[in-house]
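Below: the structure, in structure tokens.
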């Protein structure tokens with residue numbers, strides 16, 4: 001619900017203010033609230049090595065620049081933005097060939113939630129392969145929209161794009177996934 | 001799979017999966033799903049995509065917290081009934097006080113360094129101005145008795161040479177500093193300077209130099 005989002009945003013803002021006022025326990029609460037999503041997003045971006053270090057770097061970078069956080073976007077959106085930039089920097093620095101996302105990567109995937117009990121293994125595998133076929137931009141938008149529940153505006157903020165472009169990428173990705181599954 | 005023509009409802013489906021719709025939108029979507037097989041199928045696909053979301057291992061929160069920068073300010077947010085937090089605050093206060101003391105000490109050190117620098121520059125400036133003044137003011141430093149003595153010892157030519165070199169220096173407006181290379185001067189100028197140095201022996205550099213004009217011979 002929208003009210004839940006607003007409550008989350010308010011809680012994040014309060015935690016940020018408490019940390020800025022010197023309460024280190026607020027930092028612990030912030031990390032615990034967002035670290036799992038950051039690690040999940042990193043895996044979705046195709047990061048397969050040193051994922052934990054990437055999440056740590058994201059928090060270190062974010063806490064070092066918390067004064068610049070204006071709450072115009074949600075804290076998680078802001079963290080996603082930082083993490084994505086770090087991923088891009090890492091790719092540029094290492095100059096290595098980018099590996100495609102493997103959502104069933106053994107380093108990250110350890111199980112499935114309760115919904116998987118009613119999803120056939122074959123369908124799950126096919127959908128995973130369909131996601132692997134998407135372009136990088138399509139996959140990032142699709143993951144943020146479907147798996148992380150981000151709005152088009154938040155996705156645009158994370159990707160440095162526009163809401164319209166995010167919407168187009170999402171629908172193109174959806175069409176590509178459907179076509180893959182129909183084949 | 002085909003796409004429903006209702007793009008607005010399709011845009012809301014991911015929010016429906018995440019239970020992020022308002023009451024109004026939730027009712028619209030559920031009503032639409034009853035009669036739209038395409039959207040129902042797309043919804044099932046979205047639920048599958050959400051289900052295969054990577055499940056990450058637990059992160060070591062302590063490792064992350066250990067690397068975080070410390071907040072700059074400390075306030076009363078920490079509760080008084082939490083002894084551990086209070087102890088941390090005490091440590092912070094001590095650290096903060098030390099930090100302030102370090103900053104104050106640094107300011108004092110910089111002020112002292114700045115004062116010494118200003119004094120040094122001032123002394124150098126005075127010295128250079130004085131030397132410049134002396135170099136330009138080539139008027140011989142001898143009084144009438146010295147002139148008489150010079151005439152007695154060396155004859156009128158010695159004084160004339162001294163005067164000529166002084167006049168030449170004045171007409172050229174040459175600025176000669178003591179740090180200059182001796183090769184910058186002519187032999188006559190060097191001799192004149194040596195002669196003046198002989199006259200200055202015993203006089204301190206801090207004392208103003210006499211500026212008695214040279215009187216022409218016989219005046």
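List of remarks:
- Candidates A:91, A:85 - the one that is more than 22 Å from residue B:66 (Cα to Cα), over 15 Å from the mean Cα position of the chain (by Cα) and surrounded by 14 or more Cβ atoms within 10 Å (Cβ to Cβ): A:91
- Flag if residue A:69 is within 19 Å of the chain's Cα centre (by Cα), under 28 Å from residue B:15 (Cβ atoms) and facing chain B (nearest Cβ under 10 Å): no
- When residues of segment A:2-21 are limited to those that are at the interface with chain B (Cβ under 8 Å from one of its Cβ atoms) and closer than 27 Å to residue A:52 by Cβ, the one surrounded by the fewest Cβ atoms within 10 Å (Cβ to Cβ): A:20
- Helices (runs of 4 or more DSSP H) wholly inside segment B:1-55 that include at least 1 residues being closer than 16 Å to residue A:149 by Cα and at the interface with another protein chain (Cβ under 8 Å from one of its Cβ atoms): B:7-17, B:37-51
- The sole residue among B:13, B:59, B:45, B:65 that is buried (at least 19 other Cβ atoms within 10 Å of the Cβ) and at pLDDT below 85 is B:59.
- Screening A:80, A:59 for residues that are under 30 Å from residue A:134 (Cβ atoms), surrounded by 19 or more Cβ atoms within 10 Å (Cβ to Cβ), within 11 Å of chain B (Cβ to nearest Cβ) and at pLDDT 90 or above leaves exactly one candidate, A:59.
- When residues of segment A:23-61 are limited to those that are in a loop (DSSP other than H, G, I, E, B) and in contact with a helix residue (DSSP H, G or I) (Cβ under 7 Å, 6 or more places away or on another chain), the one farthest from residue B:61 (Cα to Cα): A:45
The values are calculated or read from the model by the stated rules, or taken from the named source; none is laboratory data. Note that the structure is predicted; figures quoted are calculated from it, not measured. Positions of Cβ are backbone-derived with ideal geometry, glycine not excepted, and every protein chain shown enters the neighbour counts.
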